[in-house]
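Visitor: What follows is a structure written as C-alpha cells; I'll ask about it next.
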Amino acid sequence: MSWNATPESERRGAPQIAALLTWVLPGAGHLYLGMHLQALLGFVVVQGLYLLGLQLSNGMLLEYLEPDLRGPFAGALTPEVGNLGMLVYQTRHFGFGDGQPRVWAESMRLGTWLTALSGLLNALWIAHACIEAGRRRSAPRPSSPMRLVALAWLVPGLGHVAQKRYLRGAIVFGGLLLLFVLGTLLCEGSNLDRERHFYYWAGQFLLGAPAMIAEALHGEMLVHTELPYVDCGLGMTCVAGLLNVLAMLDVLNRAEELEGPVPTAPTPQPVPSTQTGTLA
C-alpha cells in the first residue's frame, strides 16, 4: 500500500494503534487520528447494528453451538469477532444461556445477520483507520477505497467492475457463484442454516449478497435423509466466501496503487560549459 512508503514522522498516527483501538471500540481509532466525524459515524452505525441484532435475537447467537463447542473462544471464528468489544460483551452478559433449550426468537435469523454484519463493517473500518493513519499529515484525503471493498463483499466482482476491471470482475463473480451454488446443491440447502453449521456459515457469509439471498429463500429447508456429500459441499461454500476475501484484498491493493503518488520527472541539470583553448 502507498502509505507504507510514508516516513513514520510524517504519518497521522501509528496504524497498529489505530487498528487495535477500532477493533476494541468502533470509532476509537479514528478519534485517535483526530477524525471526529468518522469516529462518531463508525461508533453509531457499527454498534447500532450489533445492539439491534442482540435485541432481535435475544442474545442467543452462541446458543446455536453444540455443548462440546462452547468455550471462552467460541466466537473467535465468527464474523462478530470483527467487533471484539461487543462480542466480549455478548459472551459475558448472554453467554450460552442457562443450559436449558429455548425457543428461538422469531427474528433470530435477522438478528444474527445484523451482528455478523456489524463485525464485517468494523473490519472494514479497521482497514480504513490503518490507511488514514499511514497517510501524510499535510496530504489531502482522497476518496476512501473502502467503498470499493464493501462493494466487492456485497457482490463478488463488483469492486473490480467499479475499477473498470471487467474481465476479472466477471471471472470472480462467475467462479465464486458457481462454487457456492454447487456446494449448496451438494448440501441440499443445509449449509444455509447457521444453527446447523455455525462455523461453515461464517465462511460463506463472506460471499455477501448471494449467500444472504439464498439463505432468505431456502434457509429453513428440512433435511429428511443422510447427505452423502455434505462435507464436500460445506467446504465448497465456505471456500467460496474465503476466496472472496482475496478478491476484496485485490480491489483494495489496486485502489491504493491508483491513489499512490504520481512519479515526477527528474529536474534537468544544467550541463557545464566546456572551455576551448585558443591558438596563439
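Visitor: Does L182 satisfy being within 24 Å of N253 (Cβ to Cβ), touching a helix residue (DSSP H, G or I) at 6+ places or on another chain (Cβ under 8 Å) and touching a residue at least 40 places away in the same chain (Cβ under 8 Å)?
Guide: Spelling it out, it is not the case that L182 is within 24 Å of N253 (Cβ to Cβ), touching a helix residue (DSSP H, G or I) at 6+ places or on another chain (Cβ under 8 Å) and touching a residue at least 40 places away in the same chain (Cβ under 8 Å).
Visitor: Test G27 against the stated conditions and say whether it is among the small types (G, A, S), surrounded by 22 or more Cβ atoms within 10 Å (Cβ to Cβ), out of contact with any Pro (no Cβ under 9 Å at 6 or more places or on another chain) and under 16 Å from E132 (Cβ atoms).
Guide: yes
Visitor: Tell me which residues, restricted to the range 71-91, are outside any helix (DSSP H, G or I) and among the polar types (S, T, N, Q).
Guide: Residues satisfying the conditions are T78, N83.
Visitor: Given the criteria farther than 21 Å from E220 by Cα, over 21 Å from the mean Cα position of the chain (by Cα) and assigned to a helix (DSSP H, G or I), does L148 qualify?
Guide: no
Visitor: Quickly run through the range 92-128 and pick out the residues that are farther than 20 Å from Y199 by Cα, of a type in the set (K, R) and part of a helix (DSSP H, G or I).
Guide: First, the residues of the range 92-128 that are farther than 20 Å from Y199 by Cα: 92-93, 98-103, 105-107, 124-128.
This time we only want the ones that are of a type in the set (K, R), so: 92, 102.
Once the filter is applied, which keeps residues that are farther than 20 Å from Y199 by Cα, of a type in the set (K, R) and part of a helix (DSSP H, G or I), the range 92-128 yields only R92.
Visitor: Follow-up. In the range 15-25, is there at least one residue being outside the structural domain of A211 (by TED's automatic domain parsing), in a loop (DSSP other than H, G, I, E, B) and modelled with pLDDT under 95? Don't jump to the end; show me each part of the working.
Guide: Taking the range 15-25 as the starting set, the residues that turn out to be outside the structural domain of A211 (by TED's automatic domain parsing) are 15-25.
If we keep only those that are in a loop (DSSP other than H, G, I, E, B) too, we end up with 25.
This time we only want the ones that are modelled with pLDDT under 95, so: none.
Checked against the condition, which is being outside the structural domain of A211 (by TED's automatic domain parsing), in a loop (DSSP other than H, G, I, E, B) and modelled with pLDDT under 95, the range 15-25 yields no hits at all.
Visitor: While we're looking at this one, here's another question. From the list P101, P79, P15, P72, pick out the single residue that is in contact (Cβ under 8 Å) with a residue 60 or more places away in the chain, out of contact with any Leu (no Cβ under 8 Å at 6 or more places or on another chain) and not aliphatic (A, V, I, L, M). Before the answer, list the steps.
Guide: Numbers: P101 fails: in contact (Cβ under 8 Å) with a residue 60 or more places away in the chain; P79 fails: out of contact with any Leu (no Cβ under 8 Å at 6 or more places or on another chain); P72 fails: in contact (Cβ under 8 Å) with a residue 60 or more places away in the chain.
Matching residue, one of P101, P79, P15, P72: P15.
The values are calculated or read from the model by the stated rules, or taken from the named source; none is laboratory data. Being a predicted model, the structure only gives us computed values, none of them experimental. Methodologically, a virtual Cβ is constructed for each residue, glycine included, from the backbone with ideal geometry; neighbour enumeration extends over all protein chains shown.
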